[in-house]
């Protein structure tokens, strides 16, 4: 519809805006809100996870789409720095938006290629995260 350039730019803007709004709404809730939503034990676990894996989790979450909002909102409830969240949202969201816009522009010519490529991207990103998490342990 828009092509890979305009479609990628619009997708990038939308995913960036959604991520930052979600992050700051959660951040505005403060510690009381985080404790209410997560509880003390889970908040501590989330802080530990996001301290170690936050950037990668948010970036990959943005890239694969599914858990994107959950991850960025939870990041807002933790002590993860806004600059790391912004960078992760940009890296994951911009790269996937342009890839998906390109695949979408090719889907009318070869829909199987577009679908298989999109699924392959998700599988590869999940494999990278799993590999990096094992390597760090």
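Coordinate-derived values only; no laboratory data. The shown structure was predicted, so the numbers you read here are calculated from the model rather than taken from an experiment. Virtual Cβ from ideal backbone geometry, glycine too; neighbours counted across all protein chains shown.
Run the helix sum for the chain: -39,500 (n - 2.57) per DSSP H stretch of 4+ residues, divided by residue count, reported at 222 nm to the nearest 500 deg cm²/dmol.
Values: 4 runs with 124 residues, N = 137.
So the calculated ellipticity at 222 nm is -33000 deg cm²/dmol.
I need the calculated FRET efficiency for the pair residue 110 and residue 134, taking r as the beta carbon distance and R₀ as 30 Å, to the nearest 0.05.
Details: r = 35 Å, r/R0 = 1.17.
The value I calculate is 0.30.
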Cα axis of helix 111-136 to longest principal axis of the chain: angle in degrees, 0 to 90, nearest 10? 30
Longest principal axis of the chain (C-alpha) makes with the long axis of helix 3-64 (C-alpha) an angle, in degrees to the nearest 10, of 20
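Kindly put 2, 102, 50, 112 in sequence by how many other C-beta atoms sit within 10 Å of each C-beta, fewest to most.
Details: 2 13, 102 17, 50 23, 112 8.
So the ranking, lowest neighbour count to highest, is 112, 2, 102, 50.
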Stretch residue 86-residue 21 to full length: gain in nm at 0.36 nm per residue minus the Cα-Cα span? 22.3 nm
Estimated FRET transfer efficiency when R0 is 30 angstrom, pair residue 127-residue 32 (beta carbons, to 0.05): 0.20
